[in-house]
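The structure appears below as structure tokens.
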Amino acid sequence: MLKWQIGDVTVTQIVELTTASLGPHLLPQATPDEMRAIPWMIPFVDDNAKLILSMHSLIIESSGQTIMVDTCIGNDKERAYPRWNKMQGDYLEKLTTAGFSTEQFDTVLCTHMHVDHVGWNTRLINNQWVPTFSKASYLYAEEEWNHWREEEQEYGPVIEDSVQPIFDAGLASLVESTHRVNDEVVLEPTPGHTPGHVSIHISSRGEEAIITGDMIHHPCQIKHPDWSSTADVDTVQSADTRHKFLKKYANQPILIIGTHFAGPTAGKVVKDGDSYRLDY
């Protein structure tokens, strides 16, 4: 379990699982040979130089609020990907071990509505999907909801079991992609991976951090911003967003926390020749 301090704000990582099996599908350009050619990539690949992806939540403690960012895959859910299908993981136990209870969360933020970012929004109780964080307000970017309410996901009934029950329970709020959660936490639009995708920008006492979401799936996309994921809804826009983001934040004292980055998970983006690298 990793933790970071950004001024008065604490960010805690809760890992549901890590995998090296999704890389070739998500980023086919990121071959082992390509990865071996990038010396700083070692913590983010396995012994065979295959991409490691971490499925984790990030918990922000800010201004007296406890904020959950992305809720991973979830248990008991029918999914097309075999490892995720009707999973029986220990995510809630990890949450408890880290000192958090499901009832203490004030806000749940989903960077977007893909299968591995909304799963623990709900859990199965008496054969019904009920909100896991029953006292929280779940904030969704309105543009994101408008897309997925009309579009099926290939992974399974994601909206039906992990998003719609939140609306049915009266806990969902639709917000702008620039919504300010509090004085220290604000949404930052980073579209392309999905139409309403957002990153989370944290500022406190002169220090800053950004939680990427899937605007950057893997650190290899910092070296190669043109490499778009096969899961991107708009690959051209996602690459453009990545280029603009890296240009804006390179060589700045801003911690970049990757939503799927394994190993150290976070670092600072620095200019490296005609591209960029992550210093961790």
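The values are calculated or read from the model by the stated rules, or taken from the named source; none is laboratory data. What you see is a predicted model, and the numbers here were worked out from it, not measured in a lab. Glycine gets a Cβ as well: all are built from the backbone with ideal geometry, and neighbour counts include every protein chain shown.
Checked against the criterion of being under 16 Å from the mean Cα position of the chain (by Cα), on the phi < 0 side of the Ramachandran plot and buried (at least 21 other Cβ atoms within 10 Å of the Cβ), the candidates LEU139, LEU109 yield just one match: LEU109. Hey, among ILE67, ILE73, which residue is assigned to a loop (DSSP other than H, G, I, E, B), modelled with pLDDT of 95 or more and within 19 Å of the chain's Cα centre (by Cα)? Residue meeting the stated conditions: ILE73.
Note on segment 61-93: residues that are touching an Asp or Glu at 6+ places or on another chain (Cβ under 8 Å) and more than 22 Å from GLN128 (Cα to Cα) total 5. Restricting attention to segment 169-193, the residues being farther than 27 Å from LYS248 by Cβ, out of contact with any helix residue (DSSP H, G or I) (no Cβ under 8 Å at 6 or more places or on another chain) and assigned to a strand (DSSP E or B) number 1.
For ILE166, are the conditions met, namely being touching a residue at least 40 places away in the same chain (Cβ under 8 Å), within 25 Å of THR107 (Cβ to Cβ) and not in a helix (DSSP H, G or I)?
Numbers: touching a residue at least 40 places away in the same chain (Cβ under 8 Å): yes; within 25 Å of THR107 (Cβ to Cβ): yes; not in a helix (DSSP H, G or I): no.
Answer is no for this residue.
Any chance segment 244-256 includes a residue that's under 19 Å from GLU143 (Cα atoms) and among the polar types (S, T, N, Q)? Give the steps one after another, and end with the answer.
Step one: of segment 244-256, the residues under 19 Å from GLU143 (Cα atoms) are none.
No, segment 244-256 contains no residue that is under 19 Å from GLU143 (Cα atoms) and among the polar types (S, T, N, Q).
Checked against (1) charged (D, E, K, R); (2) buried (at least 17 other Cβ atoms within 10 Å of the Cβ); (3) within 27 Å of SER204 (Cβ to Cβ), ARG180 passes all but condition (2). Against the condition outside any helix (DSSP H, G or I) and touching a Lys or Arg at 6+ places or on another chain (Cβ under 8 Å), how does VAL233 come out, does it pass? For VAL233, the condition - outside any helix (DSSP H, G or I) and touching a Lys or Arg at 6+ places or on another chain (Cβ under 8 Å) - is not met.
The condition (being modelled with pLDDT of 95 or more and in contact with a strand residue (DSSP E or B) (Cβ under 9 Å, 6 or more places away or on another chain)) is satisfied by just one residue among GLN252, GLN237: GLN252. With a requirement of 2 or more residues that are under 19 Å from VAL185 (Cβ atoms), of a type outside the set (A, V, I, L, M) and modelled with pLDDT of 95 or more, the strands (runs of 3 or more DSSP E) lying completely within segment 76-162 that satisfy it span 137-141. The criterion of being of a type in the set (S, T, N, Q) and in a strand (DSSP E or B) holds for SER203.
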